[in-house]
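Data first, discussion second: the structure below is written as structure tokens.
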Amino acid sequence: MRRILKTFLLGAAIIQIAFAQNGDHTEGGRFVKKIEYNFLAINYYNTSGKNEIEKLFFGEYNAPIEFFYTDEYHGHFGFRIIKDSTGLSNSLVVNFIINYHDAVKEAEEMFPLKSTILAKFDSENDINLEQVIRHNKIMSAKRLEVLLTLYKIENRIFKLNNFFAEELRKKTVSLIDNFKAKGVPSFISGGEIFTFRVVVEDEVWSLWIHEPTGNALKMAELCKQIITDAQANQLDEKNSLAILKTFDFENK
């Protein structure tokens, strides 16, 4: 029996190592992987997969490549790669919010939430838990609505080498196409949420993921670094391209 148990544990360890080597999403958060029509009608892009802040960043348009992430402590960041009117050259447009904390504080003061803990235990004051939850839901919606008007967005624009832009597009397609989640999602509170989006012929592919692991984390870290470099006006295409070339997202 002990030998069987040892064999089982060794096999489980080998499987876990194989998962890690293949870059699968294990012990991470939830994800949504979608492939949709890029257009809903002529000249009308399908942006149903974008939240309100993404639309604030990118408009009612699907760029060939888009990356967006939210950090609960630092705010919202994103970039897109667009072609000029001739379709021959590419530009990187990086967006970020410069007054995130001030805007959030102002919205919280305008639309305060009530404590659900007090509602659970303060029976003497007849605080109704359902009413508090309903109130907080309304206040949260109003906060988001006003934040869209309070946020101050700044951008950085860089001309991109066409080879780098195409390599980033190919790796994004490969990441989404080969993305595999294993096991059961972990319960994770807070953290970072990422969206990868790319146009493939007449389709738009997207991967929304909370606290990624494996290959999705590798790509997320590179895209975050691109934004950090761009914010400092020090975009390093050569280094980013070298890292991209090390990525192999094909299933083994």
>> Residue by residue through the range 174-179, what is 3J(HN,Hα) from phi via Karplus (6.51 cos²θ - 1.76 cosθ + 1.60, θ = phi - 60°)? Round to whole Hz and write x for glycine and proline.
In response: 5, 4, 5, 4, 9, 4
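Can you give the charge dipole size of the range 119-252 about its Cα centre, rounded to the nearest 20 debye, using +1 on the beta carbon of Lys and Arg and -1 on the beta carbon of Asp and Glu? The partial results should precede the final answer.
Values: 19 positive and 20 negative charges, 41 e Å.
Using only the charged Cβ atoms, the result is roughly 200 debye.
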> What residue among Ser140, Ser115, Ser91 has the largest mean-square fluctuation in a Gaussian network model of the chain, using Cα springs under 10 Å?
Replying inline: Ser115
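Give me the orientation-averaged projected area of the Cα convex hull of the chain, in nm², one decimal.
On the way: hull surface 78.5 nm².
The orientation-averaged projected area of the Cα hull of the chain comes to 19.6 nm².
Which number gives the lysine pairs in the range 39-187 that have C-alpha atoms under 15 Å apart and are eight or more places apart or on different chains? Don't skip to the answer; put the middle values down first.
Numbers: Lys55/Lys152; Lys83/Lys159; Lys105/Lys142; Lys105/Lys152; Lys114/Lys137; Lys114/Lys142.
Lysine pairs meeting the criterion: 6.
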> From the phi of every residue in the range 227-239, what ³J(HN,Hα) in whole Hz does the Karplus formula 6.51 cos²θ - 1.76 cosθ + 1.60 yield, where θ is phi - 60° and glycine or proline is x?
Replying inline: 5, 4, 5, 5, 4, 8, 6, 9, 4, 10, 4, 4, 5
> Given H placed 1.01 Å from N in the peptide plane, which residues other than close sequence neighbours of Val200 have an amide H under 5 Å from its amide H?
Replying inline: Trp205
> Which listed residue (Gly78, Leu217, Val200) has the Cα farthest towards the positive end of the charge dipole for the chain, taking +1 on Lys and Arg C-beta and -1 on Asp and Glu C-beta about the Cα centre?
Replying inline: Leu217
> What ranking of Val200, Val93 emerges when the number of other C-beta atoms within 10 Å of each C-beta is taken as an exposure proxy, fewest first?
Replying inline: Val200, Val93
> Along the range 44-51, what does the Karplus equation 6.51 cos²θ - 1.76 cosθ + 1.60 (θ = phi - 60°) give for ³J(HN,Hα), rounded to whole Hz, x for Gly and Pro?
Replying inline: 10, 6, 8, 10, 5, x, 9, 7
> Amide H of Arg30: which non-local residues (sequence gap of 5 or more, or other chain) have their own amide H closer than 5 Å, using H built in the peptide plane?
Replying inline: His210
>> What translational diffusion coefficient, to the nearest whole µm²/s, does the range 103-252 have by Stokes-Einstein, given a Kirkwood radius computed over alpha-carbon pairs, a temperature of 25 °C and 0.890 mPa s viscosity?
In response: 127
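Every read-out reported here was derived from the displayed coordinates using simple, explicitly stated rules and does not represent laboratory data. Everything quoted here is computed from the prediction, not taken from an experiment. No Cβ is skipped: glycine too gets one built from the backbone with ideal geometry, and neighbour counts run over all protein chains shown.
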